[in-house]
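As structure tokens, the structure follows; a few thoughts come after it.
The values are calculated or read from the model by the stated rules, or taken from the named source; none is laboratory data. Keep in mind that what you see is a predicted model, and the values were worked out from it rather than measured. Cβ coordinates were reconstructed from backbone atoms using ideal geometry, including for glycine residues, and neighbour counts include every protein chain displayed.
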Amino acid sequence: MAFYPTAGQQFPIVNPPVPYIGNIQGQMVPNKMIFIQGVVPHGADRFHINLQCGTSTSPRADIAMHFNPRFQAQKVVRNSLVRQGWGKEENHGSYFPFAHGQHFQVIILCEPHQFKVAVNGQHFVEYKHRIEQLNRINTLAVDGKVQLYSIRYSGGEPQVAGGPIFNPPVPFTGGIQGAMTPGRLVFVSGIVKPGADRFHINLQCGPEGRGPRPNIALHFNPRFKARTIVVNALSNQKWGGEEKHAQFFPFIENGFFEVIILCQNDAFRVAVNGQHLLEFKHRIPFHTVNTLMVAGAVTVTQIRFQ
């Protein structure tokens, strides 16, 4: 059975080239959200994110929002291009949220009268619409000295369990509010460390402690030397039979990834970078799963529940 996102969700565009230019998935409407993850290389002076009305370069397409971090000035300039003319720059802001060599996530939320921009989970700025016909805004363009990991769109449905967790330490252990239920999604985004041997993502029945080890309903374990993904379950302190998946290994050193785990009545289904990878039949009742754990040779950039 194939893996598909829920209504209002689209799979990410992973490791796109820069300059990047692409259609905005679905129409730009109130509550539309754009998630952009990347890293600023050392020595970068500026980059920009544009929300545009098309791709034309001659004459140049209107730009509804030009979001332009400038490192020397330590300012983020916002502006719009309408009928070949730039408007008045906005560059106010109490802090500069970008740093060389650091990963970032920019979230752009479209509201009826403005865009709201958050960086690394913190509200950064609001930008009043200068192009009010939102349906004209159909193109995302990113250029400059920046490396992109992923671009993702959402219809803006409310997140379960209080929203995403940004840049948590690894190993990470966190509760799953309401436990696992059919249709529940877990998203783990990150970057594989250089020289990685393995990492794992566990869906557990409680955190690790001094007592007996909790049951693990899903142990998802990429192993780089063997280029194999091992999945298993731990019940009453005993591992079951390993299931190995070696036909396709979607992880690379220094590469960005997004693992999506979907709970269904009969199995967990796992996708990586938008492609269905495997399914794992339930060995432990899914409703007892209340904890997510991530450990090993990865940097986690975001965890979220849907």
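Taking the conditions (1) out of contact with any strand residue (DSSP E or B) (no Cβ under 9 Å at 6 or more places or on another chain); (2) more than 19 Å from Glu279 (Cα to Cα) in turn, Ala196 satisfies each one other than (1). The set of residues from region 110-123 being assigned to a strand (DSSP E or B) and either surrounded by fewer than 19 Cβ atoms within 10 Å (Cβ to Cβ) or not assigned by TED's automatic domain parsing to the domain that holds Phe67 (or both) comprises Gln114, Lys116, Ala118, Gln122, His123. A residue that is modelled with pLDDT of 90 or more, basic (Lys, Arg), at positive phi and assigned by TED's automatic domain parsing to the domain that holds His42 occurs nowhere in region 128-135.
Taking region 187-223 as the range and being over 24 Å from the mean Cα position of the chain (by Cα), over 14 Å from Ile261 (Cβ atoms) and assigned to a strand (DSSP E or B) as the test, no residue passes.
Can you name the condition, by its number, that Val170 falls short on among (1) assigned to a loop (DSSP other than H, G, I, E, B); (2) within 23 Å of Arg269 (Cβ to Cβ); (3) touching a strand residue (DSSP E or B) at 6+ places or on another chain (Cβ under 8 Å)? Against the list (1) assigned to a loop (DSSP other than H, G, I, E, B); (2) within 23 Å of Arg269 (Cβ to Cβ); (3) touching a strand residue (DSSP E or B) at 6+ places or on another chain (Cβ under 8 Å), Val170 comes up short only on (2). Of the strands (runs of 3 or more DSSP E) lying entirely inside region 229-273, the ones with 2 or more residues being farther than 24 Å from Pro285 by Cβ are found at 256-263. Regarding Ala246, is this residue of a type in the set (Gly, Ala, Ser) and modelled with pLDDT of 95 or more? Taking the combined requirement at face value, the residue does not satisfy it.
Against the list (1) under 29 Å from Ala118 (Cα atoms); (2) over 22 Å from the mean Cα position of the chain (by Cα), the condition Gln177 fails is (2).
Each row is one residue, and each column tells you yes or no for (1) modelled with pLDDT of 95 or more; (2) surrounded by fewer than 17 Cβ atoms within 10 Å (Cβ to Cβ); (3) farther than 23 Å from Glu132 by Cβ.
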position: Val14; (1), (2), (3): no, no, yes
position: Ile34; (1), (2), (3): no, no, no
position: Phe47; (1), (2), (3): yes, no, yes
position: Arg70; (1), (2), (3): yes, no, yes
position: Val77; (1), (2), (3): yes, yes, no
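A single member of Tyr149, Tyr95 is of a type outside the set (D, E, K, R), assigned to a loop (DSSP other than H, G, I, E, B) and assigned by TED's automatic domain parsing to the domain that holds Lys75, and it is Tyr95. Among the residues of region 246-298, those that are within 24 Å of Ser150 (Cβ to Cβ), loosely packed, with under 15 Cβ neighbours inside 10 Å and either of a type in the set (A, V, I, L, M, F, W, C) or touching a helix residue (DSSP H, G or I) at 6+ places or on another chain (Cβ under 7 Å) (or both) comprise Phe248, Ile252.
Evaluation of Thr181 against the conditions (1) among the β-branched types (Val, Ile, Thr); (2) within 20 Å of Ile24 (Cα to Cα); (3) exposed (fewer than 15 other Cβ atoms within 10 Å of the Cβ) shows that the sole unmet condition is (2). When Arg198, Arg227, Arg304 are screened for being surrounded by fewer than 14 Cβ atoms within 10 Å (Cβ to Cβ) and touching a Phe, Trp or Tyr at 6+ places or on another chain (Cβ under 7 Å), only Arg227 passes.
When Ile165 is tested against (1) outside any loop (DSSP other than H, G, I, E, B); (2) assigned by TED's automatic domain parsing to the domain that holds Cys53, exactly one condition is not met: (2).
Just the residues that are surrounded by 14 or more Cβ atoms within 10 Å (Cβ to Cβ) and free of Cβ contacts under 8 Å to residues at least 24 places away in the same chain, please, taken from region 230-243. Hits for region 230-243 are Val230, Asn232, Leu234.
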